[in-house]
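Below you'll find the structure, written out as structure tokens, and then a few comments.
The numbers here are math on the coordinates, done by the rules we state, and not lab data. The structure presented is a predicted model; accordingly, all values stated were derived computationally and were not measured. Cβ placement follows ideal geometry from the backbone for every residue including glycine, while neighbour counts extend to all protein chains displayed.
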Amino acid sequence: MNDDPETIRAKMAINRRAVVAGGLGALAAPAILRVIPANAQSKAIKIGFVSPKTGPLAGFGEADAFIIAQVNKILKPGLKIGDGKTYPVEIIPKDSQSTGTRASEVASELILHDKVDLILAQAAPDTTNPVADQAEVNETPCVTTNCPWQPYFFGRNGDPKKGFTWTYHFFWGLEDVIAAYLPIWDGAPTNKVMGGLFPNDADGNAWGDPQRGLPPALIKAGYKLLDPGRYQVMNNDFTSQITQFKQAGAQIVVGNMIPPDFATFWSQAAQQDFHPKIVTIGKALLFPSVVESLGARGNGLTTEIWWTPTFPFKSGLTGQSARQLTDAYVAATQRPWTQPIGYQHALFEVAIDILKRTKAVDPKSILDSIIATNYNSMVGKVQWTGKPLKNITKTPLVAGQWQRKGKEFNLVITENKSAPEIPVGGTLQLLS
């Protein structure tokens with residue numbers, strides 16, 4: 001008589017158990033135990049990382065793969081934390097695609113699906129703010145950088161009296177931009193009339209804010225700022241702004257723009273015979289590829305300088321100087337170094353320092369470790385002391401100019417009054 005299906009499955013299960021309990025099991029189990037170290041049994045610590053790999057802000061994420069590979073090599077043996085145990089560490093990168101909507105989506109995925117223990121983000125408020133908002137709502141420890149602190153904090157409707165609970169940020173602020181820019185302008189023979197170019201985004205609204213942005217400081221310093229109002233990102237026509245600047249006799253242009261928008265403006269300025277003496281633009285002029293694409297008209301443009309190979313700081317993680325880090329990047333990628341590299345490296349430095357000191361792999365312990373941070377990084381000291389605000393700690397900033405030598409452009413530090421520990425490399429050259 002044939003067995004029914006349930007009886008057949010029961011017999012098969014009994015046979016499998018017998019094999020495992022017999023000689024095969026006795027041979028296989030010790031072999032498996034020998035190749036898996038005890039510390040690998042610990043739950044992996046997961047670090048989420050959101051950065052723009054594509055879209056108009058992709059330059060900010062250009063060095064991500066290099067930085068993550070460097071960090072993964074260091075973390076290969078695992079990470080010993082404050083409880084004395086060693087844990088494997090998994091870094092999970094996500095592309096924000098240069099949009100706030102996508103940054104929010106991937107941050108939610110990292111927190112709710114991947115169950116990350118710590119989430120990191122970098123590159124303008126388009127990425128840092130939505131990621132930090134997701135972290136705050138979901139009570140996940142978060143550290144961000146590469147965004148002036150005002151658009152990060154006030155762009156998230158932060159209350160200075162309360163601050164945020166789970167989200168912490170290190171970078172400079174708009175007051176540091178002003179302190180770095182003014183020596184450039186003050187030392188040049190101009191009429192002190194300037195045109196402002198501020199887009200309708202978190203950065204542009206913060207830079208052009210009449211209370212917290214550049215306007216009040218510029219007025220106090222004796223400059224007249226013509227602000228034509230917010231333009232839409234990815235604008236293809238700056239005729240209105242250029243016309244107003246020419247009519248006002250503006251000899252300086254200041255603003256915060258993404259690379260495509262500045263390229264459009266600067267091309268149209270030449271076509272419409274607008275020739276200011278100084279052009280100082282944040283964000284767009286960080287990248288050598290943008291300046292090189294402008295050809296001869298890239299020579300002499302000025303910008304804030306976050307970080308260069310000449311900065312006097314070194315990594316507490318790798319021991320590399322700023323010069324050694326950039327040399328390693330150029331050798332590995334065959335691409336020129338960019339300013340965000342130092343902060344991308346520092347972001348992971350700080351994250352690993354936080355995890356080393358945490359007493360357990362749980363949100364509250366990691367948050368306590370963030371708050372207690374006192375670390376010397378590739379971009380300077382990172383320590384949240386409550387100044388200027390609970391969730392903000394500042395890093396040094398200087399200013400300088402792209403100067404062309406032969407076919408190459410070099411970013412030269414021309415002013416360091418705001419951070420004298422960073423050496424000057426040359427003097428300002430007027431555009432015309």
Unmet requirement for residue 211, which otherwise passes all of (1) on the phi < 0 side of the Ramachandran plot; (2) assigned to a loop (DSSP other than H, G, I, E, B); (3) surrounded by fewer than 19 Cβ atoms within 10 Å (Cβ to Cβ); (4) over 27 Å from the mean Cα position of the chain (by Cα): (4)
So residue 396, is it crowded, with 22+ Cβ neighbours inside 10 Å and of a type outside the set (A, V, I, L, M): yes
Residues of region 399-432 classified as crowded, with 19+ Cβ neighbours inside 10 Å and either free of Cβ contacts under 8 Å to residues at least 12 places away in the same chain or farther than 22 Å from residue 284 by Cα (or both), total: 2
Residue match in region 225-241 (condition: surrounded by fewer than 22 Cβ atoms within 10 Å (Cβ to Cβ) and part of a helix (DSSP H, G or I)): yes
Positions within region 314-339 being surrounded by fewer than 21 Cβ atoms within 10 Å (Cβ to Cβ) and either among the aromatic types (Phe, Trp, Tyr) or in a strand (DSSP E or B) (or both), in sequence order: 314, 321
